[in-house]
Amino acid sequence: MSSADDREIGLFPLQLVLLPGEVAPLHVFEERYKRLIGACRAADDVFGIVLATDEGIGECGCAAGIFQVLEEFDDGRLNILVDGRERFRILELRAADDDAEYTRARVVLFSDDDELPDEPNADLVGSARVLFRRLAGLMGVEEPRVPEGAEPLSFRLAAAVDFGLPLKQRLLESRSELERLELLVTVMKALIPGLELRKEREEAIRGNGKGN
């Protein structure tokens with residue numbers, strides 16, 4: 001799909017936010033979504049992953065391609081890996097005629113706003129990278145490294161650590177890399193002290209067999 005596309009795609013609402021460049025596992029078991037994935041495989045096409053909540057589905061989602069089929073079962077269930085492609089905004093929902101069919105939507109793709117003058121400076125990028133390595137280390141990652149890739153740094157960082165669905169959705173919808181990195185730096189600075197305290201307590205318990 002090109003950035004100028006205004007087209008119809010099948011939707012897969014989930015308790016999941018997929019970011020561009022992110023690879024995520026899916027277990028496909030409902031009949032309507034078996035049909036959706038089957039149609040996408042046959043046409044080498046994408047489908048849309050949107051966040052589903054009690055209030056409904058998000059206005060923005062991410063086009064997903066089938067990266068790898070891991071397992072196919074006799075009853076049609078699938079375990080697959082999908083990769084995030086372009087972001088989209090829903091223009092119109094086209095509900096299925098019955099519960100056995102999947103919802104489709106007319107969508108328009110979007111990317112970062114090229115007209116925004118602000119770009120993240122080297123200090124901000126450096127801070128984000130340092131904080132991420134510190135955060136990942138505190139979360140138990142050995143030799144934490146900043147994920148490489150062609151996607152913006154903010155998406156690579158948010159795909160590698162669980163920052164929660166609301167924040168991830170906010171990052172998905174943002175059209176500014178500067179805004180996304182500033183938000184991630186703020187969040188990581190807020191999380192790290194608590195993780196450091198937890199690590200100190202764990203080390204104290206291991207050292208003397210009791211907490212303080």
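The values are calculated or read from the model by the stated rules, or taken from the named source; none is laboratory data. Just so we're clear, the structure is a prediction, and the values are computed from it rather than from any experiment. When we count neighbours, we look across all protein chains shown, and the Cβ atoms used for this are built from the backbone with ideal geometry, even at glycine.
Where helices (runs of 4 or more DSSP H) fall entirely within the stretch 131-212, those with at least 1 residues that are small (Gly, Ala, Ser) are at 153-160, 177-208. When the stretch 100-120 is limited to residues that are of a type in the set (D, E, K, R), at pLDDT below 85 and in contact with a Leu (Cβ under 7 Å, 6 or more places away or on another chain), the one that is nearest to residue 64 (Cα to Cα) turns out to be 119. In this structure, is residue 113 under 20 Å from the mean Cα position of the chain (by Cα), in a loop (DSSP other than H, G, I, E, B), within 22 Å of residue 24 (Cβ to Cβ) and of a type in the set (Asp, Glu)? Against the criterion (under 20 Å from the mean Cα position of the chain (by Cα), in a loop (DSSP other than H, G, I, E, B), within 22 Å of residue 24 (Cβ to Cβ) and of a type in the set (Asp, Glu)), residue 113 does not qualify. In the set 201, 180, only one residue is over 16 Å from the mean Cα position of the chain (by Cα) and either farther than 28 Å from residue 56 by Cα or outside the structural domain of residue 48 (by TED's automatic domain parsing) (or both); that residue is 201. Against the list (1) in contact with a Lys or Arg (Cβ under 8 Å, 6 or more places away or on another chain); (2) closer than 26 Å to residue 89 by Cβ, the condition residue 164 fails is (1).
Run down 165, 181, 197, 172 and say which single residue is at pLDDT 95 or above, over 21 Å from residue 114 (Cα atoms) and out of contact with any Asp or Glu (no Cβ under 8 Å at 6 or more places or on another chain). Of 165, 181, 197, 172, the one residue that is at pLDDT 95 or above, over 21 Å from residue 114 (Cα atoms) and out of contact with any Asp or Glu (no Cβ under 8 Å at 6 or more places or on another chain) is 165.
Check 11, 36, 16, 70 and return the single one that is assigned to a loop (DSSP other than H, G, I, E, B) and either touching a residue at least 24 places away in the same chain (Cβ under 8 Å) or at positive phi (or both).
Criteria check complete, one pass: 16.
All told, residue 131 falls short of being closer than 30 Å to residue 12 by Cβ, outside the structural domain of residue 89 (by TED's automatic domain parsing) and touching a residue at least 12 places away in the same chain (Cβ under 8 Å).
Taken over the stretch 157-212, the criterion of being farther than 18 Å from residue 140 by Cβ and either aromatic (Phe, Trp, Tyr) or touching a strand residue (DSSP E or B) at 6+ places or on another chain (Cβ under 8 Å) (or both) is satisfied by 165, 169, 172, 173, 175. Scoring residue 48 on the criteria (1) among the small types (Gly, Ala, Ser); (2) modelled with pLDDT under 95; (3) under 19 Å from residue 7 (Cα atoms) leaves a single failure, condition (2).
If you go through the stretch 73-88 and keep only what is touching a Phe, Trp or Tyr at 6+ places or on another chain (Cβ under 6 Å) and either part of a strand (DSSP E or B) or not basic (Lys, Arg) (or both), you end up with 81, 82, 83, 87.
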